[in-house]
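Comments concern the structure below.
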Amino acid sequence: MSNVPALLSTWRSDLPASIVVALVALPLCLGIALASGAPLFSGLIAGIVGGIVVGVVSRSPLSVSGPAAGLTVIVLEAIQSLPSYQIFLSAVVLAGILQLAFSFSRAGILSEFVPSSVITGMLAAIGLILILKQIPHAIGYDQDFEGSFEFATADGSNTLAMIGTSIRQLVTPGAAIIGVVSLAFLFWWDKARPKQGPLRFLPGPLVVVLIGVAGNALLAAVRPSWALGPKHLVQVPIADGIEGFLGLFTLPDFSAVGTGAVWVTAATLAIVASLESLLSIKAVDEIDPRRRTTDKNWELMAQGSGNIVSGLIGGLPVTSVIVRSSANVDAAAESKVSTVLHGFWLLVSVAVIPAALNLIPLSALAAVLIATGYKLTKPKLFIDRYRQGVTQFVPFVVTVGAILFTDLLIGILIGLVVGFIFVVARNFRTAITFAVDGNDCLLRARRNLYFIHKYELQKVLGQVPDKADLLIDLSSTSYVDLDNIDVINAFIKGAPYRDIRVTVRGDIAERTAPMINAPAYEVRFA
């Protein structure tokens, strides 16, 4: 409770940011539910739970959770293979419980081993995907669902082909006008927004939504043939009264909880959702202007809590999601109040004003997502990585390309493999220096020695001449693994037969002394 005053002190920044995130989240929640083969309202439930429940429990100041595009294929297959949607919900609850177990086992530390080049590559790729995927929506081609990240689409087409088709054949004039005007306003507002006064808090995406609604009404009055119909507008389920609204929620069926299919689904959801959340949290920490660090193990508990609640009331699985989180950062949010409020706005709007939400053109929301995508993948990001050298630029570019032409999870795994190859390659660079001056020899370890340095150590020790005085300097190391200790041991054991005197220097030498098996006179610690 001691943090409550500090959180409330940022409300002037968090309130407008929460509206921006809610506007970004709305079409994504609906689109991901549609692509997952689930009831549309289940996506909104996940968005509400991700905002309110995960937002309250999480210690991340800027991360936003909700239904994730990376889970759509898994969710679709699970819903189709399990006997009912209610049984699928029981798997979501079990996935949340498994995530709690991951948290208690401190599995969150795994995210710290992901190279920063892969994280920034993920951000840039998501930015590019947002731009490419939203161009058709911005000009009125709404065949693909909002929030899709896959390059290949279900009908055998792909992202690039869909852009070409929409531009050549399927431009809707009214949608294109609203989309272009909205996008132009957003880029203008970024530069023209006042630095002082109340207007500095005015969210550009909120103005864009008003432009879209008013623009479509104007088209209906002056050019009815260009006015947008329901398929080009947001489609939130409208309930008939309070009972009808409560009827949109679904309870899970635990009757099949003992079957292998339910547990396989639960484990798959828990692992993939945890991976997405950890990567997203790490990415959000990197783009946080204040560079705050989130407790990853606690975040797994927050995500698990969210999935338990979402599954219990009929929602899709939730994860931390980078699109909404980056929109939150870009909107200048300062605390998790923005995240919680965005969930509250979703709840209030779908409960009280669903008909008003259904007036919002998808092309206006597409413009918001395109502007968000551009900020994630600015050319400066590519230039900065290029200047950092091959070891940073190649994993970054490979991650971008892999995500762009496959999907989020496969692309990240490819990026990780390439990133780790460069990490290993860097460690294969010379770790040991060797110098000879008459009978005096110096072998110095420049950094920690791992198993991959074993061959190099053996090769250098093989250059020590007979009757030499050898100093093995380990003072620059904090760790020498057992493989290299064995190599040193073997050399020390054979040294007396070649009249070689060995001295080992460094704190690490003292700590590993009990592991050295040679007689005491064979090694001296400097």
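The values are calculated or read from the model by the stated rules, or taken from the named source; none is laboratory data. Here the structure is a predicted model, which means the values were calculated and not measured. Every residue, glycine as well, gets a Cβ built from its backbone with ideal geometry; the counts of neighbours run over all protein chains shown. SASA here: full protein model, heavy atoms, side chains in, ligands and nucleic acids out. Shrake-Rupley method; radii C 1.70, N 1.55, O 1.52, S 1.80 Å.
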Query - Relative contact order (%) - criterion: Cα under 8 Å, at least six apart; region: the stretch 1-113 - result: 19
Query raised in the report: Can you give the accessible area per residue of the stretch 399-447, in Å², using a 1.4 Å probe?
Result: 51
Requested in this report: Just subtract the alpha-carbon distance of Arg106 and Ala192 from 0.36 nm times their residue separation and send over the number in nm, one decimal.
Outcome: 26.4 nm
Requested in this report: Tell me the label-point distance for the pair Arg498, Val394, using the 7 Å Cα-to-Cβ offset, in nm and rounded to one decimal.
Outcome: 3.5
Report summary line: Result for the stretch 298-366: accessible area per residue, probe 1.4 angstrom, in square angstrom, of 25
Query raised in the report: So how far, in whole Å, is the C-alpha centre of the stretch 294-328 from the one of the stretch 236-281?
Result: 12
Query raised in the report: Rounded to the nearest 0.05, what FRET efficiency is calculated for Gln86 and Ser476 with R0 set to 45 Å and r the Cβ-Cβ distance?
Result: 0.15
Query raised in the report: So, in nm, how far is label Val423 from label Lys231 when the simple model puts each one 7 Å beyond its Cα toward the Cβ?
Result: 4.8
Report task. Please report the relative contact order for the chain, taking Cα pairs under 8 Å with a sequence separation of at least 6, and give it as a percent rounded to a whole number. Result -> 26
Report summary line: Computed from every Cα-Cα pair in the chain, P(r) in 10 Å bins starting at 0 and rounded to whole percents is 4, 17, 24, 21, 13, 9, 7, 4, 1, 0, 0
Query raised in the report: Using a 1.4 angstrom probe and counting only protein chains, how large is the accessible area of Lys459 in Å², to 10?
Result: 120
Query raised in the report: Considering only protein heavy atoms, what per residue accessible area in square angstrom results for the stretch 32-102 with a 1.4 angstrom probe?
Result: 27
Report summary line: Using a 1.4 Å probe on heavy atoms of the protein chains only, the accessible area for Asp481 in Å², nearest 10, reads 20
Report summary line: Helix 173-192: inclination vs the chain longest Cα principal axis, degrees, rounded to 10, gives 50
Query raised in the report: With each run of n ≥ 4 DSSP H residues scored as -39500 (n - 2.57), what mean residue ellipticity at 222 nm is computed for the chain after dividing by its residue count and rounding to the nearest 500 deg cm²/dmol?
Result: -20000 deg cm²/dmol
Requested in this report: Give the share of C-alpha pairs in each 5 angstrom bin for the stretch 7-148, from 0 to the last occupied bin, in whole percents, shortest bins first.
Outcome: 2, 8, 12, 18, 19, 19, 14, 6, 2, 0
Report task. Residues in the stretch 83-101, backbone N under 13 Å from the label point at Ala267 (7 Å along the Cα-to-beta-carbon vector): list them, ranges by number please. Result -> 95, 98
Report task. Report the semi-axes of the equivalent ellipsoid for the stretch 380-428 in whole Å, largest first, where each axis is √(5λ) for an eigenvalue λ of the Cα gyration tensor. Result -> 18, 16, 5
Requested in this report: Subtract the Cα-Cα distance of Glu243 and Lys380 from 0.36 nm times their separation in residues, and report this length gain in nm to one decimal.
Outcome: 44.1 nm
Requested in this report: Would you kindly state how much longer the chain becomes between Tyr450 and Thr259 on full extension, computed as 0.36 nm times their sequence separation minus their alpha carbon distance, in nm to one decimal?
Outcome: 64.3 nm
Report summary line: For the chain, the accessible surface attributable to carbon and sulfur atoms (probe 1.4 angstrom, ligands and nucleic acids excluded) amounts in percent to 65
Requested in this report: Would you mind computing, in nm to one decimal, how far apart the modelled labels at Ala152 and Val222 are, each placed 7 Å from Cα along Cα→Cβ?
Outcome: 4.7
**Report entry** Derived scalar couplings ³J(HN,Hα) [the stretch 111-123; Karplus, 6.51 cos²θ - 1.76 cosθ + 1.60; whole Hz; x for Gly, Pro]
**Finding:** 5, 6, 8, 7, x, 5, 5, 6, 5, 5, x, 4, 4
Query raised in the report: What relative contact order, as a whole-number percentage, does the stretch 234-313 give when Cα pairs under 8 Å and 6 or more residues apart are counted?
Result: 37
Query raised in the report: Roughly how much of Trp345 is accessible, in Å² to the nearest 10, using a 1.4 Å probe?
Result: 80
Report summary line: Toy charge model, Lys and Arg Cβ at +1, Asp and Glu Cβ at -1: the stretch 234-375 dipole around Cα centroid in debye, rounded to 20, equals 360
Query raised in the report: Roughly how many whole Å is it from the C-alpha centroid of the stretch 375-432 to that of the stretch 332-367?
Result: 35
Report task. Counting only DSSP beta bridges with both residues in the chain, tell me the antiparallel percent, nearest 5. Result -> 40
Query raised in the report: Could you name the aspartates and glutamates in cross-link range of Lys493, using Cα to Cα under 13 Å and dropping any fewer than eight places away on the same chain?
Result: Glu522
**Report entry** Check: the chain dipole with +1 on Lys, Arg Cβ and -1 on Asp, Glu Cβ, in debye
**Finding:** 1340
Report summary line: Of the candidates Gly401, Gly304, Pro39, the farthest towards the positive dipole end of the chain (Lys/Arg Cβ +1, Asp/Glu Cβ -1, centred on the Cα centre) is Gly401
